[in-house]
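Just so it is clear, none of the values below were taken in a lab; they were calculated from the coordinates. Given the structure is predicted, the values throughout are model-derived calculations rather than measurements. As a convention, Cβ positions derive from the backbone with ideal geometry for all residues, glycine included, and neighbour counts pool all protein chains shown.
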Amino acid sequence: MKAILVTRYGGPEVLQISDVPTPSPKENEVLIKIHAAAVNNTDPVFRKGKPFISRFFTGLAKPKYSIPGDVLAGEIIDIGKM
């Protein structure tokens, strides 16, 4: 699957489109095929790491999660063990 990765803090130039393996859902997780995603006003803060205090939540030296985004619409295609 294709994903946008953020491996370091910075401007829009740090965003990279990459092929990543399709994850399999773990216990109490679902796998969603995303049809639409949104960008909100906190996304640039998490990408830039500024103000510095935001890094206590997103990772001090580099972003804790390399695939950004948390607002989406899609279809559940797999369910992990309950």
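Observations on the structure shown:
- Paramagnetic reach from Asp78 in the stretch 11-26 [backbone N under 12 Å; point 7 Å along Cα→Cβ]: 21-26
- Straight-distance candidates among the aspartates and glutamates for linking to Lys81, with alpha-carbon spacing under 18 Å and chain neighbours fewer than 8 residues away dropped: Glu27, Glu29.
- Radius ratio Rg over Rh of the chain, counting only Cα atoms, Kirkwood formula for Rh: 1.00
- Per-residue 3J(HN,Hα) values for the stretch 19-27, derived from phi via the Karplus relation 6.51 cos²θ - 1.76 cosθ + 1.60 with θ = phi - 60°, read 8, 10, x, 5, x, 10, x, 8, 4 Hz in sequence order (x marks Gly and Pro).
- If you run the Gaussian network model on the chain, springs between alpha carbon atoms under 10 Å, then out of Pro21, Pro44, Pro63 the most flexible one is Pro21.
- Lys33/Lys2 FRET efficiency (R0 22 Å; Cβ-Cβ; nearest 0.05): 0.95
- Within straight-line cross-link reach of Lys50, lysines at Cα separation under 25 Å, skipping those fewer than 8 residues along the same chain: Lys62, Lys64
- Exposure proxy ranking for Val30, Val14, based on other Cβ atoms within 10 angstrom of each Cβ and starting from the fewest, stands as Val30, Val14.
- All aspartates and glutamates inside 20 Å of Lys26 as judged from Cα atoms, apart from same-chain residues fewer than 8 positions distant: Asp70, Glu75, Asp78
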